[in-house]
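Read the structure below first, then the notes.
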Amino acid sequence: MVRTRAMRTIENACRRLGFVRVAGVDEVGRGCLAGPVVAGAVVLDPASHITGLSDSKQVPAAERDELYDTIVRRACGWSVALADPREIDAINIPQASLMAMRRAVLGLAPLPDLVLVDAFRIPDLFMAQRGVLHGDARCAAIAAASIVAKVTRDRLMHDLHVSDPRYGFDRHKGYATADHLAAVAQYGYSSAHRRSFRPPTLFDTMSADVAPLARPQD
């Protein structure tokens, strides 16, 4: 995978327009069978450049951890928020992702003047916004938010593994890998699983005693 370095060009242009606190926001965990969707919001310090920022999916795990430490130490503000599996099942994953991002932005203190979002806008957020196509790869603030969200979620999934090691959450982080599907076929869904998620491959591996579940909405 070719790694794209996220730049500060968009944030700098927004600051020249008069915006002072420019936040990037992103979420992780939309496509998982288990665990929360987690959103991060970050206001980078324009006077403190952080090298190596990129889409969290392009950054190796050990480097993500190092960048996480640097971001939370040097950013002007940062916040994480989540929507848990029950909320995801109640309102669907697209809406839960937007809710988690809204919570993350509103968790910043003070609130930002402008929010840069990966690809789209967050409804019911009463401040200036701009959607940035491929923002997690192009925009430093959004890339920082994606890293904060990813590291936070990975640590949450590790904690879930410690409390219930049957599913291997520490390895696949809740995604529908072959070993995860095999564990679900053997044990059924846990309280950490999203009942509204049922990928087609699960029909081939689920045992007969596991109750049918709805297919994903997205």
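The values are calculated or read from the model by the stated rules, or taken from the named source; none is laboratory data. What you see is a predicted model; the values in this text were computed from it and never measured. Please note: Cβ atoms are built from the backbone with ideal geometry, for glycine as well, and neighbour counts cover all protein chains shown. In case anyone asks, the SASA skips ligands and DNA or RNA and just uses the protein heavy atoms, side chains included. Shrake-Rupley method; radii C 1.70, N 1.55, O 1.52, S 1.80 Å.
Taking amide H atoms as placed 1.01 Å from N in the peptide plane, the amide H of Arg3 has no partner under 5 Å among residues 5 or more positions away or on other chains.
Taking the protein heavy atoms of the chain in the context of the full set of protein chains, the accessible area attributed to carbon and sulfur is 55 percent at 1.4 Å. Per residue, the accessible area of the chain comes to 47 Å² when a 1.4 Å probe rolls over the protein heavy atoms. When nucleic acids and ligands are ignored and a 1.4 Å probe is applied, Ile88 ends up with an accessible area of around 0 Å².
Estimate the FRET efficiency between Asn12 and Thr177 by the formula 1/(1 + (r/R0)^6), using the beta-carbon distance for r and 25 Å for R0, to the nearest 0.05.
On the way: r = 40 Å, r/R0 = 1.60.
Once rounded, the FRET efficiency stands at 0.05.
Site pair Leu106 and Asp84 shows an inter-label distance of 1.8 nm when each label is modelled 7 Å from Cα along Cα→Cβ. Our coupling estimate for region 78-95, obtained by passing each phi through the Karplus curve with A = 6.51, B = -1.76, C = 1.60 and θ = phi - 60°, is 8, 7, 10, 8, 9, 10, 7, x, 5, 5, 4, 5, 6, 10, 5, 5, x, 5 Hz, Gly and Pro reported as x.
For Ser48, the solvent-accessible surface with a 1.4 Å probe is about 30 Å², rounded to the nearest 10. Residues of region 89-126 with backbone nitrogen within less than 14 Å of a virtual label 7 Å along the Cα-to-Cβ line of Arg195, please, listed as ranges. It comes to 89-92, nothing else. Using a Gaussian network model of the chain in which every pair of alpha carbons under 10 angstrom is joined by a spring, one finds that among Ala90, Ala137, Ala104 the greatest mean-square fluctuation is at Ala90. Considering only Ala47, Ala176, Ala23, the mean-square fluctuation computed in a Gaussian network model of the chain, springs between alpha carbons under 10 angstrom, is largest for Ala47. Taking amide H atoms as placed 1.01 Å from N in the peptide plane, the amide H of Gln129 lies under 5 Å from those of Val115, each 5 or more residues away in sequence or on another chain. Comparing Leu181, Leu67, Leu133 in a Gaussian network model of the chain, where Cα atoms under 10 Å apart are tied by springs, the biggest mean-square fluctuation is seen for Leu133. For the chain, the residue among Gly188, Pro94, Leu133 whose Cα projects farthest onto the positive side of the dipole built from Cβ charges is Leu133.
Given 0.36 nm per residue, what is the gain on full extension from Ile91 to Met127 after removing their alpha carbon distance, in nm? Walk me through the numbers on the way to the answer.
On the way: separation 36, 0.36 × 36 = 12.96 nm, distance 2.37 nm.
10.6 nm is the gain from fully extending Ile91 to Met127.
Gain on full extension, evaluated as 0.36 nm per residue between Tyr187 and Glu63 minus their Cα-Cα distance, stands at 41.2 nm.
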